[in-house]
Amino acid sequence: MLKIVAIEIMVSNLDKAKKWYKDYLGAKITEEYKEWKCVDLFVGESKVELDIGEPLENWGEDEFRKAKSRIGSSTGIIIQVDDIEKMHRNLQSKGIRFTQPPTRKPWGEIVATFVDLDGNEYKLVQEI
């Protein structure tokens, strides 16, 4: 069996990130691992969880360095919505920063891009 169960996102401050993901995206935390400074959460009706974690030095020098270098990068995560204009307005009103407003793409979608506190990038997509 092959199954994607989680996507890992590195953040610089787990406490701030937890609040941001809960307050702005309505994420539900399902598990918290205090000793490892990470949480598992779901956004909306997602079936794949996000693991939000803060890099720890006790992971070893290489792993710590790799994890830190991932903070503020493109996640490749796409969030499907029914009404992208409404979602864009809602998230903007909460203070979420968009790097690309809703834009019609030639392949039949409207796409918008936003970032979290650390600059980790997410895409909103609405099929036309």
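Given the conditions (1) at negative phi; (2) surrounded by 13 or more Cβ atoms within 10 Å (Cβ to Cβ), and given that residue 93 satisfies all but one, which numbered condition is not satisfied?
(2)
Got a sec? Which of 22, 28, 66, 18 is outside the structural domain of residue 114 (by TED's automatic domain parsing) and surrounded by 16 or more Cβ atoms within 10 Å (Cβ to Cβ)?
Just a single option satisfies the conditions, and that option is 18.
Could you tell me which numbered condition residue 90 fails, if it satisfies all but one of (1) in a helix (DSSP H, G or I); (2) touching a helix residue (DSSP H, G or I) at 6+ places or on another chain (Cβ under 7 Å)?
(2)
Could you give me the residue pairs with C-beta distances under 8 Å whose first residue belongs to region 1-17 and is farther than 16 Å from residue 29 by Cβ, whose second residue is among the small types (Gly, Ala, Ser) wherever it lies, and which are 6+ apart or on separate chains?
Matching pairs, first to second residue: 10/53; 10/67.
The values are calculated or read from the model by the stated rules, or taken from the named source; none is laboratory data. Note that the coordinates shown come from a computational prediction; the quantities given were computed from them, not determined experimentally. Every residue, glycine as well, gets a Cβ built from its backbone with ideal geometry; the counts of neighbours run over all protein chains shown.
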